[in-house]
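Engineer: One structure follows; several queries about it will come next.
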Amino acid sequence: MSTTSLAPPAPAAAGAGRRAGPRRSPLHHLRRWVSPVVLVALWQALSSAGVITEEQMASPAQIVRRAVQLVQDGELGTQTLISVQRVLLGVLIGGAIGLVLAVVAGLSRIAEDAVDPPMQMLRTLPHFGLITLFITWFGLGETPKVALIALGVCFPLYLNTFAGIRGIDRKILEAARSMHLTRRQRIRHVVVPGALPQALTGLRQSLGIAWLSLIVAETIGADSGLGAMINDAREFLQTDVIVVGLAVYALLGLATDAVVRHLERRALAWRA
């Protein structure tokens, strides 16, 4: 037998090892925009033909013109900033409460018996129905709006973080104890990395609920913010302003979700 016949096909094997999966065509992302563009074009055509009247829904061209006008007037930026501040404050308060309670209940059975039953009871309350009660308690200022957002943020973050802590493999915890790690070191090196994926999932859910809570809070009782702008437009049948406000809500929700997904990729780079 010749020695040359024993040599492995190195180039082919190396190429197979580097193959991570099918590569997407550069046109893949462009194809995903085809159907939205077609829908907007159809919407514009129906509006131009009079099938969709201006009272029912403004055309895309009218909406774009009104959006540019609102940006130039400074109204859209001002109202958007007010809404973003409300969401950020509500997320900070509700997120902090949810995380602290989840960690306390997740690390102790006694604390779980004290914390988890009230949390499970409160999360079954009609969330958006509480806005009337909050207005009765706190008036029509910023407090009821922030409180509604914080309440909506708290429960998804609590449930997911608590599940992430309790889902950590017991063998890993026993290995950490056998290495004589202190309680603080176990929390830092085992509990936090183990619960982080679930906690980030809860954060994404909480941010979605935060924007929904903001819409409800601002459209019921607010004299500033995107919801107030939409309410004023509804009184004068300005459907273009209403659509602009709703579009900004959607874009803000997508932006915050993209931020969390970026943090997730960075924080969980160790995962396959």
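Read-outs throughout are calculated quantities, based only on the coordinates presented, and are distinct from any laboratory measurement. Here the structure is a predicted model, which means the values were calculated and not measured. So basically every Cβ, Gly included, is an ideal-geometry build from the backbone, and we count neighbours across all protein chains shown.
Engineer: Rg/Rh for the range 54-138: what does it come to with C-alpha atoms and Rh from Kirkwood?
Structural biologist: 1.22
Engineer: Under a GNM of the chain (C-alpha, springs under 10 Å), which listed residue has the highest mean-square fluctuation: Glu75, Glu174, Glu218?
Structural biologist: Glu174
Engineer: When Rg is the radius of gyration of the Cα atoms in the range 118-265 and Rh is its Kirkwood radius, what does Rg/Rh come to?
Structural biologist: Over the Cα atoms of the range 118-265, Rg/Rh equals 1.13.
Engineer: Now a separate question. In a Debye calculation with equal point scatterers on the alpha-carbon sites of the chain and no solvent, what is log10 I(q)/I(0) at q = 0.08 Å⁻¹?
Structural biologist: For the chain at q = 0.08 Å⁻¹, log10 I(q)/I(0) is -0.53.
Engineer: Ok, one more. Using mean Cβ contacts within 10 Å as the protection proxy, how do 86-95, 31-40 order, highest first?
Structural biologist: Going from most to least packed, we get 86-95, 31-40.
Engineer: Next question, about the same structure. Report relative contact order for the range 77-267 in percent, whole number only (criteria: Cα-Cα under 8 Å, sequence separation at least 6).
Structural biologist: In percent, rounded to a whole number, it is 27.
Engineer: What value does the range 175-251 have for Rg/Rh, both radii from Cα atoms and Rh as Kirkwood defines it?
Structural biologist: Rg divided by Rh gives 1.40.
Engineer: Please work out whether the range 105-190 counts as rounded, prolate or oblate from its C-alpha gyration tensor, where a ≥ b ≥ c are the square roots of the eigenvalues and a/c under 1.5 means rounded, while otherwise a/b larger than b/c means prolate and anything else oblate?
Structural biologist: prolate
Engineer: Give me the distance in nm between label points sitting 7 Å out from Cα along the Cα-to-Cβ direction at Gln56 and Asp73, one decimal.
Structural biologist: 2.7
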